[in-house]
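Shown next, in structure tokens, is the structure this report addresses.
The values are calculated or read from the model by the stated rules, or taken from the named source; none is laboratory data. Being a predicted model, the structure only gives us computed values, none of them experimental. Neighbour counts run over all protein chains shown; Cβ positions are idealised from the backbone, glycine included. For the accessible areas, the whole protein counts, side chains as well, though only heavy atoms, and no ligand, DNA or RNA atoms are used. Shrake-Rupley method; radii C 1.70, N 1.55, O 1.52, S 1.80 Å.
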Amino acid sequence: MTQVATDVMEKVVSLAKRRGFVFPSSEIYGGLGSTWDYGPLGVLLKNNVKQAWLRSVVQCRNDMVAMDAAILMHPDAWRASGHIDTFHDPLVDCKATKQRYRADHLVEQMVRDIQANGRSVLVRKGSESWASAFVEGLNDQPIEALLKDRARAVEIFSHMQSPAGGELTEPRNFNLMFKTFLGPVEDSAAVVYLRPETAQGIFVNFKNVQIASRKKPPFGIAQIGKSFRNEITPGNFTFRTREFEQMEVEYFCSEDDASQWFEHWLDYRYQWYLDLGIKPTALRRREHASDELAHYARGCVDFEYRFPFGWSELEGVANRSDYDLKQHQNLSGKDLRYFDEESKAAWLPHVIEPSAGADRATLAFLVDAYDEESDNKGEVRVVLRLHPMLAPYKVAILPLSKKAELTGPARALYTQLAQHWPVEYDETQSIGKRYRRQDEIGTPFCVTLDFDSLVDHCVTVRERDSMSQVRLSVNELLPWLRERLQWPGVQAITGAIF
Ligand code: GAP
């Protein structure tokens, strides 16, 4: 990370804590590694992100419905999905310090070091020429895919050492699912898992939802909910945590139409980030190489955001074929095919899956919105240029004096506007300080009442980004704000849906 980037991340983390977006979890006990609590403003912001997603993928589409599955599922669901056998990360241990590392991350670090400096502390003495040849021969091959070849992985780690200089063990697989027990007996028959993705809750309910909602493919099911992964290296604030929220769509269609729907969802989801203000230069698509794809996937594209710590995955859009429904059908013995009454044909739909993280999206919106600018006195104004619909508070009511003749009408105005949006009321300190406080949390509009307001029944509205001010009659205020506090229009969906 460059110095500037580190600064931005540090400033966002500090602002998040100071203003009540995100706190370290269990802080009074020293915290619990990489777990975070959302505070008053964080709840509002993240809820807005989730609402924006639901609005776009469910409310504005006739081909989508929502559901909310339980976090605990029958263990066979994870057997069928492949998570029990294959949902793991490769780990190596330092024999000297007993510290544990993600094998692929260590190799990636070594490659980065050698590319930048021609050497790395992770290379064992005597293996320098092996390391140079290894890096030269990589040809952009993803390390994760390379380590799937056991013999190759063992060879690589025989040439490497830990950051502390200790000998490393051979890589071993570590399952990322959290286990717990159902009921009072803690034996193997009672083991259940905290779901590592929300997707499987949708697949096992495919038939229930399809029949109850009378939807025919192509149609999709959307779900927002907590997922849990015992990540080896969580970090970068809320970017990678062990408990996080996902926003997933499983879209069911025929095999023939799958490529078309894949392209549709790629465009539709990409546009969502742009419509909500993400800078186009900070968002990109990355197509998975064929050796990076899960064995069942026909294609996968990640949306990556340029976080201060580098380009990193925000959302993945995958063509999952009919793998999941087929697996659940085989293990459960239940017919999960869609039965078409008209043609009397029964078939297993293919699935397109746009899978996003609510916490990652929230972090991206926060980082993207963070800005600093100098005012004419040389003072720095920190401003969160959030899309108005994502901003925690839409309006702040600021009476220019604490005298009751002003605070009375100001509070009445607060009560009126709070019926429509989250609104903040603040009568403490100078108006300049109060504007700065609202800028820092992204409030798009500040409404001030002064003594003239008592005579002309007008208020002054100040806009966050331009700092321009306009004097409005109190009666005009509500429609004026309504016009400016609108969700972005959703891309028209044409074709096969209706
Ligand atoms: N059902 C497919 C699936 O779960 P994934 O790429 O593993 O795919 C989808 O996860 C999204 O969930 C990611 O793009 C990311 O936004 C979010 N996510 C995954 N692991 C996460 C973690 N440890 N912390 C925060 N968000 C995570």
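The calculated FRET efficiency for ARG150 paired with VAL470, based on their beta-carbon distance and R0 = 41 Å, is about 0.05. Remark: the GLU483-GLU186 segment gains 101.2 nm on full extension, using 0.36 nm per residue and subtracting the alpha carbon distance. Applying 1/(1 + (r/R0)^6) with r as the Cβ-Cβ distance of SER213 and TRP130 and R0 = 56 angstrom yields a FRET efficiency of 0.45. Distance from the alpha carbon centroid of segment 418-446 to that of segment 1-64 works out to 20 angstrom.
Under a 1.4 angstrom probe, counting protein chains only, how are ARG298, ARG119, ARG320, ARG471 ranked by accessible area, largest first?
Numbers: ARG298 135, ARG119 175, ARG320 10, ARG471 90 Å².
Output order, biggest surface exposure first: ARG119, ARG298, ARG471, ARG320.
Mean residue ellipticity, 222 nm, helices only, the chain: the sum of -39500 (n - 2.57) across DSSP H runs of n ≥ 4, divided by residue count and rounded to 500, is -10000 deg cm²/dmol.
Ligands, DNA and RNA excluded, the heavy atoms of TYR323 present near 40 Å² of accessible surface to a 1.4 Å solvent probe. Element breakdown for the chain at a 1.4 angstrom probe: carbon and sulfur atoms account for 50% of the accessible area.
Using a probe of 1.4 angstrom and keeping all protein chains present, the accessible surface of the chain works out to 48 square angstrom per residue.
Would you mind classifying the chain by shape? Square roots of the alpha carbon gyration tensor eigenvalues, ordered a ≥ b ≥ c; an a/c under 1.5 is rounded, otherwise it is prolate if a/b is larger than b/c and oblate if not. Write out the running numbers ahead of the final one.
Numbers: a/c = 2.13, a/b = 1.37, b/c = 1.55.
Verdict is oblate for the chain.
Projecting label points 7 angstrom from Cα along Cα→Cβ for LYS179 and VAL121 puts them 3.6 nm apart. Look at where the Cα atoms of segment 203-280 and of segment 348-410 average out, and the two centres are 25 Å apart.
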